[in-house]
Amino acid sequence: MSVELALACRAEHAEGPIWDAATRRLWWVDITGHRLHVYDPASGQDCSWDTGQDVGAVALDQAGEPIIALPGGFAAFNTTTGRSAPFTAIEANLPGNRLNDAKCDPAGRLWTGTMAYNRQTGAGGLYVVAANGAVDQAVADLTIVNGPAFDADRERMYVADTGAGYVFEYNYDPATGAVGDQRMFVDLSETGGWPDGMTVDEHGYLWVAVGRDAAVHRYNPDGRLDGKVALPVTNPTSVAFGGADGHDLYITTSWYDLPAQERADQPLAGSIFVTRPGVGGPPAVRFAGLV
């Protein structure tokens, strides 16, 4: 399966791509580069704003305006003024932690994972933000939380603990957002691979960006590896289906964790790639709150 260069850039740690079907644009973040981006494939134009601090992820509100995951909580970001307005706190009492990945579920709840800057084992958790802004912790004792990804038809939620090398599976109630017991779905701990951002396609298969493996993995609903998309860079970070028909798979990448020589040897690290895998997936859901 061939990949193409969608956007040549040198982002430090490109992450969190989400496709907005209404505007046909791809939003993404450069976590350690402190920038929020939006990319228009039709024109090739990429616009960005300085967030002033680490920005773990982006979601959109009902008006299509960005919500960003900052250390200590979510904030609404004004693209006209370049200013952010915090609206909910998450682990704000833990200055050694920050928000990492975030996604909206099919009902518009906003989910996010946390991690410690020093990557301390078990210091992170998974949280859910309701439309009214109420915050609940859904899962505790994780290390570097990525995802989640949702399969509403099978009532499943997937979460990656990148630090441990695991992808977990949970029973998930789309109506209430309730999360069941944790089960191992994929164990990459012995391979050295970093399971990172993920999405579910229209057939219920899970696509996972795997750092250190220079590939995106596709798993069937039973956890069996179904195939890989090879990349010319070591560390893919996340994936999102998009495009006019939902069959373009966008892949963000990073050079942040590469040694100096590998950074020099991979000039495309930090760019965004795209492939047509022959299946599609749903666009991003907008957050049900902040109407």
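The values are calculated or read from the model by the stated rules, or taken from the named source; none is laboratory data. It should be emphasised that the depicted structure is a prediction, and the values quoted were computed from it without experimental measurement. Quick reminder, even Gly has a Cβ in these numbers, built from the backbone with ideal geometry, and neighbours come from all protein chains shown. Ligands, DNA and RNA are stripped out before the accessible areas are found, and what is left, the full protein with its side chains, is counted by its heavy atoms. Shrake-Rupley method; radii C 1.70, N 1.55, O 1.52, S 1.80 Å.
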Say whether the condition of being under 30 Å from P95 (Cβ atoms), modelled with pLDDT of 95 or more and of a type in the set (V, I, T) is met by at least one residue in the stretch 1-12. no
Output the number of the condition that G133 fails; it satisfies all remaining conditions of (1) in contact with a Phe, Trp or Tyr (Cβ under 8 Å, 6 or more places away or on another chain); (2) of a type in the set (G, A, S); (3) more than 16 Å from A69 (Cα to Cα). (3)
Test V233 against the criterion of being open to solvent by less than 10 Å² (accessible area, probe 1.4 Å), touching a Leu at 6+ places or on another chain (Cβ under 7 Å), in contact (Cβ under 8 Å) with a residue 60 or more places away in the chain and not small (G, A, S), and give yes or no. no
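Quick grid of which residues meet (1) touching a Phe, Trp or Tyr at 6+ places or on another chain (Cβ under 9 Å); (2) free of Cβ contacts under 8 Å to residues at least 40 places away in the same chain; (3) within 30 Å of T275 (Cβ to Cβ):
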| site | (1), (2), (3) |
| --- | --- |
| P17 | yes, no, yes |
| A21 | no, no, yes |
| L26 | yes, no, yes |
| Q62 | yes, no, no |
| A76 | yes, no, no |
| G82 | yes, yes, no |
| D105 | yes, no, yes |
| L110 | yes, no, yes |
| N118 | no, yes, no |
Those residues of the stretch 164-176 which are surrounded by 16 or more Cβ atoms within 10 Å (Cβ to Cβ) and either β-branched (V, I, T) or more than 22 Å from M115 (Cβ to Cβ) (or both), in sequence order: V167, P174
Selected residue (criterion: most open to solvent (accessible area, probe 1.4 Å)) from residues of the stretch 35-63 that are farther than 22 Å from L7 by Cα and under 19 Å from the mean Cα position of the chain (by Cα): Q53
